Amino acid sequence: MRPIIRVENLTHTYGVNTPFCRSAVKDVSMEIYEGEFLGIIGHTGSGKSTLIQHLNGLLQPTGGKIYLGDRDIWADPKKIRDVRFQVGLVFQYPEYQLFEETVYKDVSFGPKNMGLDGKEIDRRVRSALQFVGLGEDMLEKSPFDLSGGQKRRVAIAGVIAMEPKVLILDEPSAGLDPAGRRSLLENIREYHRKKGTTVVMVSHSMDEVAENVDRIVVLANAGIVMSGTPHEVFSHAQELMDVGLNVPQVTQVAMELKRRGVDIDPAVYTVADLRRALNDLRGGRA
Amino acid sequence: MLKDITLGQFFPGNTLAHRLDPRTKIILVVLYIAALFCAKYFVSYALVALVLVISVKVSGVHPKALVKGLRPIVFIICFTAILNLLYTPGEELVSFWIFTITKEGVLQAFFMVLRFTMLIMGTFLLTYTTSPISLTDGLESLLNPLKKIHVPVHELAMIMSIALRFIPTLIEETDKIMSAQKARGADFESGNLLQKAKALVPILVPLFISAFRRADELAVAMECRCYHGGGGRTKLHVLRYEARDYLVLAGFAAMLAAVLVLGHFGL
Amino acid sequence: MSDIVRTENLTFAYPAEEGQTPVNALDGVSVAIREGSFVVILGHNGSGKSTLAKHMNAVLLPGGGKVYVDGMDTSDESLLLEIRRRVGMVFQNPDNQIVANVVEEDVAFGPENLGVPTEEIRRRVDGALKAVGMEEFTLHAPHHLSGGQKQRVAIAGVIAMEPKCIVMDESTAMLDPLGRREVLDTVRRLNREKGVTIVLITHHMDEAALADRVVVMDNGRVVMDGAPREILPQMAELRALGLDAPPTVELLHGLKEDGFGVPLDALDIQECAEAICRAL
């Protein structure tokens, strides 16, 4: 697979020359591949927010380089806006950035800034709202009259409408109730499947990441401590717990079973997989 | 970038400057400002500057933090300095086109800059070493006599302390909203004045909505903690003048007196 | 033991917009919270759980029915301060409930309002900060703390009023897993060691497993009420209410379907593994 974003020795230090000086990201190198669904995990303060704000050029590295395709995104600082259109970033609690009178106008803010014509904007707005599961009846409503979950969807649509090559979502499900979380994640999976573009999801919920992504990057203490498929990552469960992260509950059950002498792969991470493994085990025995 | 504004920020510590009664510190700042405005010439300024330097030393505040506080008003300072430089009549030094620079003008501009800088530094030192709550406590206590003429002193103090409490939160929030809109391609830098003003709408609307929401929630939270105005309230920190307060006050009063005397002799 | 909070046929409707009929956010809720217990109230967003919480210390007053706090009727305005002193409330957004710029001054806010003498405030502030494990941060500025730490300061601010009960109105919803654990450990300890009644409003199912009792709300009504062991295994019912069963329950359900002889009410990891081992 071809990398679409390449991060090379990225370092970001906040507050140089103040008593609050600290490196939020230190010497991080990673690649994001075209078309993949990547999960980034780490707890608050691990550097994940700082890292993703570099991927679309909101922050400028204090050391290292970011490449989008083959281009260093800071090669021409005047063109940094183009990078932001290609790498769409949805912040945590994005509903707090809504400002327009209608849902339609708010979602079209991004495409308008891109300088697209009215017809294209219209197409994009409608298509984006469809991806986040909002109907046409929402278009003329004020975003402030919607429920919390709907506002979140409008805000996500506002970034999807720019049709970015890479969509980054920071804790998209934070604060939603289980049903809301389930259906939003379903929408995001659907978007990834239909569009085939790259999706990066930042989360601190292991269960959520485990169920959705192709590959995981684990951040702790301003650096990458691990990366690989969920199976690879969760086979290092103990190391994850050592940096203060959880592993999915299913993995914890499997580890516990292993500890009790059951012959099972402790790195399973979905209910279905563990169920299958246990059935196989019984079948083999019977 | 907004995070760099240190206005109203408090650096906790346990120095003499931190331990002084806030009322003392407010009076000190008043005395200090009075001295600054009464200072006429080098000797007086040197005396006031010396007091400032000693105060900064005692407070343990890094001088850089004070200099940083000046940044937002550098423009105003320079502007007034230039006006003073160009428009003060007196003994001519140089003259070009329609401008004349006089000896008095140079001195005036120099003292102007000095006065402004020292004024800002002194007041910043107060906010750096006094927690906003004890600052408002101090003000409330100093202004207490005004309650007799029905000035809502407690309420005003509460408003001020809450405003101070939320400055860092709202600055952070503004930063976040700006980033979020930039991520959607918002452009705050280019365009003419009108376009720039229009570009602020996507920041201001969410910011206001959020500020109102916060105010609402904070009000409920305060009521839940039995807040019901100033009546019958007690304090964790009761203000009490100690020997050190009297000593420092006396010192500053002496400084002001000295400046007045020096001024009399034109120094 | 007596009830610290009791609602009787409580109804409440938020004022509706023009031209619309008001919908009851609470529709005949009768619950009693026993003193010293740890109760979790679950429900999807809009189920009425937060509205119920806000009745427990008279932030909202009943539209119909009654709420009694430690025997006092919340609609009696003269009892307001006493009611709020007995039942403290911690909210969702840690930033919007911290009043002061220094941790200790914030914790002192409640006792100051109650007119507690100065030396006593000092004792309470130190005690409360210790009880939530934040004593090192006494002189810190709250906006430099993490979310979990801010919530613990908020809890300390409530404890300093020496309440009998703390209502946590979705106080863990905005926290990351570490912060949530900090807050949950803190309230559990307060419940066990000091006997403070805890009412925790949440939609995190794993938090429900910690409680003595789980109350599930939907459409302004109480639809399930019982021990976690009775409620959490009801996977289909919880799903229908917009909630999730914990993954362990889901696993056990699946295994049971496959013919394993496992119980459904094993809630934690150890128990779940133990049950599976026995069935293999």
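Data for the structure
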| item | result |
| --- | --- |
| Anchor C:K194: aspartates and glutamates whose Cα lies under 13 Å away (excluding residues fewer than 8 positions away in-chain) | C:E35, C:E162 |
| Additional length obtainable on full extension of the chain from C:E82 to C:R181, 0.36 nm per residue less Cα span | 32.5 nm |
| Under 13 Å from B:K68, Cα to Cα: aspartates and glutamates that are on another chain or at least 8 residues apart | B:D4 |
| For the stretch C:188-236, the spread of Cα positions along each principal axis, largest first, Å | 36, 23, 17 |
| Difference of contour (0.36 nm per residue) and Cα-Cα distance, A:R126 to A:R276 | 49.9 nm |
| Portion, in percent, of the accessible area of the protein assembly as shown that falls on carbon or sulfur, probe 1.4 Å | 57 percent |
| Simple spin-label estimate for A:R81 and B:I159 in nanometres, 7 Å along Cα-Cβ | 4.1 nm |
| Cross-link pairs beyond the 24 Å C-alpha cut-off, checked among B:K147/C:K150; B:K40/B:K103; B:K147/C:K54; A:K258/C:K256 | B:K147/C:K150; B:K147/C:K54 |
| C-alpha center-to-center spacing [the stretch A:67-84, the stretch C:88-151] in angstrom | 46 Å |
| Theoretical gain in end-to-end length, B:Y41 to B:E104 [0.36 nm per residue, Cα-Cα removed] | 21.5 nm |
| Computed E for B:H62/B:V30 - FRET, C-beta separation, R0 41 angstrom, nearest 0.05 | 0.95 |
| Accessible solvent surface per residue of the stretch C:3-245, calculated while the other protein chains remain in place, 1.4 angstrom probe, Å² | 37 Å² |
| For the stretch A:3-230: rounded, prolate or oblate by the Cα gyration tensor [a/c cutoff 1.5] | prolate |
| Heavy-atom accessible surface that A and B bury in contact, both chains counted, 1.4 Å, Å² to 100 | 1800 Å² |
| Residues along the stretch C:43-64 losing 20 Å² or more of accessible surface when the other protein chains are present rather than the chain by itself (probe 1.4 Å) | C:N45, C:V59 |
| Anisotropy class of the stretch B:2-264 from Cα gyration tensor, a/c 1.5 cut | oblate |
| Length-normalised contact order for the stretch A:3-230 - Cα pairs under 8 Å, 6+ apart - percent | 28 percent |
| Relative contact order for chain B, counting Cα pairs under 8 Å that sit 6 or more residues apart, in percent | 33 percent |
| Accessible area (Å², per residue) of chain B, counting only protein heavy atoms and a probe of 1.4 Å | 54 Å² |
| Residue-averaged beta-carbon neighbours from other chains (10 angstrom radius) around C:81-91 | 3 |
| Pairwise FRET efficiency - B:H228 versus C:K66, Cβ, R0 = 30 Å, nearest 0.05 | 0.80 |
| Cα→Cβ-extended label distance, 7 Å offset, between C:Q270 and A:E8, nm | 5.2 nm |
| Residue-averaged beta-carbon neighbours from other chains (10 angstrom radius) around C:245-252 | 5 |
| Global geometry of chain C, whether rounded, prolate or oblate, following the gyration tensor of its Cα atoms and the 1.5 cut on a/c | oblate |
| Neighbouring partner chain Cβ atoms per residue of B:167-173, average, 10 Å criterion | 3 |
| Buried accessible area, chains B and C (both chains, 1.4 Å probe, Å² to nearest 100) | 3200 Å² |
| For the protein assembly as shown: Kirkwood Rh in Å [reciprocal of mean 1/r, alpha carbons] | 30.2 Å |
| Over 28 Å between alpha carbons, listed pairs A:K26/B:K198; A:K105/A:K194; A:K78/B:K198; B:K176/B:K196; A:K195/B:K182 | A:K26/B:K198 |
| Mean Cα-pair separation over length for chain C, i.e. relative contact order, pairs under 8 Å, 6 or more apart, % | 22 percent |
| Burial order of peptide ranges A:156-167, B:34-45 (average beta-carbon count within 10 Å, highest first) | A:156-167, B:34-45 |
| Distance between modelled label sites at A:T44 and C:R229, nm, 7 Å Cα→Cβ extension | 3.5 nm |
| Residues A:T62 and A:Y33, FRET efficiency given R0 of 25 Å [Cβ-Cβ distance, rounded to 0.05] | 0.45 |
| Highest-first arrangement of C:149-162, A:175-188, C:81-94, C:7-20, where packing means the average Cβ count within 10 Å | C:149-162, C:81-94, A:175-188, C:7-20 |
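The values are calculated or read from the model by the stated rules, or taken from the named source; none is laboratory data. Given the structure is predicted, the values throughout are model-derived calculations rather than measurements. Here Cβ is always computed from backbone atoms with ideal geometry, including for glycine, and neighbour counts include all displayed protein chains. For the accessible areas, the whole protein counts, side chains as well, though only heavy atoms, and no ligand, DNA or RNA atoms are used. Shrake-Rupley method; radii C 1.70, N 1.55, O 1.52, S 1.80 Å.
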